[in-house]
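Structure first, then comments.
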Amino acid sequence: MKRAGVDGRLRVTIWLLIALVAVVPIAAAAASPLLRGREWLWIAGGMAGVVALSLLFVQPLLMAAAPPLTAVRDRIAWHRWGAIAIVALVALHIGALYAYSPDDVTDILLLAAPTSFSVYGVIGMWCLILTVALTSTRRLLRLGYKPWRIVHSVLAVALAGSSVVHAIQIEGAMEDYSKLAICLATLAATTAAVLEINLFVPMRQRKLRNAKAERGTRPATSAM
C-alpha cells in the first residue's frame, strides 16, 4: 500500500513537470507583443499551432509503459483523445490562417510558397492525415499489430520531426527559448516512445517468454 502511494505521488509529480513543459511555451506565445493589433483569425491560427506542438510532446507519453504514466486500461483512450485534439488543432491552424490569407495558404499547400518552413508544415500535415487514415482503415486493411506498429512509429517520427523544423523556422509569436525547449522535448519524447514500443517492449516480452519456457522444460526435482 505504501509503495502504491509513493508511485502515485511520483506519477503526479511527473505529470506536473510534463504540464509545465507543455504550458510554458503556450503562455509565452500568448503574451507575445506580436499578437497586439493582429486580427483574431491570425491569432487563433497561430495559437492553435502552438498548442498542437505542445500536444505532440504529450501524445507519446500517454502510451508510455516504462515508467507507466497512465493506467494500462486508459492508455489507448487517452492516446486516442490526444490524437483527436491534435487533428482538431491542426485543422483550426490551417483553416483560420486560410480565412485570414487564402492566397498565402493556398501557395503553401501547393508547395508554391517561397518559404522553407511551409514545406515542413505540409509534410507534417500529410503525415497526420496518413496516420488518421491508416488508423481508421486498419481493420479493413487487415493490418497486423507488428506492421501497424512500425508504420505508425515511422509516421510519428516524421510528424514530430517535420513539425519541429516547421516551428523552429517560423519567427512568430513563440518565445525562442521556450520554443526550443518544447521542440527538443517533443523529439525526445517521440524517440523514447518509438524505442520503447518497437525495441524494449518486444525485448522484455521475449525475455519473459524464454524464462517461462525454461521453467516449463526444467526437470522436476524429486522430493526428499
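The values are calculated or read from the model by the stated rules, or taken from the named source; none is laboratory data. Bear in mind that the values here come from a model prediction, so they are computed numbers and not experimental data. For neighbour counting, all protein chains shown are included, and Cβ atoms are generated from backbone atoms with ideal geometry for every residue, glycine included.
Mind checking which residues of segment 44-74 are more than 11 Å from the chain's Cα centre (by Cα), surrounded by 15 or more Cβ atoms within 10 Å (Cβ to Cβ) and closer than 16 Å to T190 by Cα?
Once the filter is applied, which keeps residues that are more than 11 Å from the chain's Cα centre (by Cα), surrounded by 15 or more Cβ atoms within 10 Å (Cβ to Cβ) and closer than 16 Å to T190 by Cα, segment 44-74 yields A64, A65, L69.
Quick check on my filter: what residues within segment 124-172 are modelled with pLDDT of 90 or more and hydroxyl-bearing (S, T, Y)?
Listed by number, the residues that qualify are T131, T135, S136, T137, S153, S162, S163.
Go through segment 26-125 and tell me which helices (runs of 4 or more DSSP H), entirely inside it, have 3 or more residues that are among the hydrophobic types (A, V, I, L, M, F, W, C) and farther than 28 Å from Y177 by Cβ.
On the way: elements: 40-58, 75-100, 102-109.
The qualifying helices (runs of 4 or more DSSP H) are 75-100.
Is it the case that segment 19-42 has a residue that's under 20 Å from the mean Cα position of the chain (by Cα), surrounded by fewer than 19 Cβ atoms within 10 Å (Cβ to Cβ), more than 14 Å from G172 (Cα to Cα) and charged (D, E, K, R)?
no
Residues of segment 126-143 being without any contact (Cβ under 8 Å) to a residue 24 or more places away in the chain, surrounded by fewer than 16 Cβ atoms within 10 Å (Cβ to Cβ) and in a helix (DSSP H, G or I), which ones?
Scanning segment 126-143 gives W126, I129, A133, L134, S136, R139, L140, L141.
If a residue must be surrounded by 16 or more Cβ atoms within 10 Å (Cβ to Cβ) and more than 15 Å from the chain's Cα centre (by Cα), how many such residues does segment 144-165 contain?
Adding up the residues that qualify gives 0.
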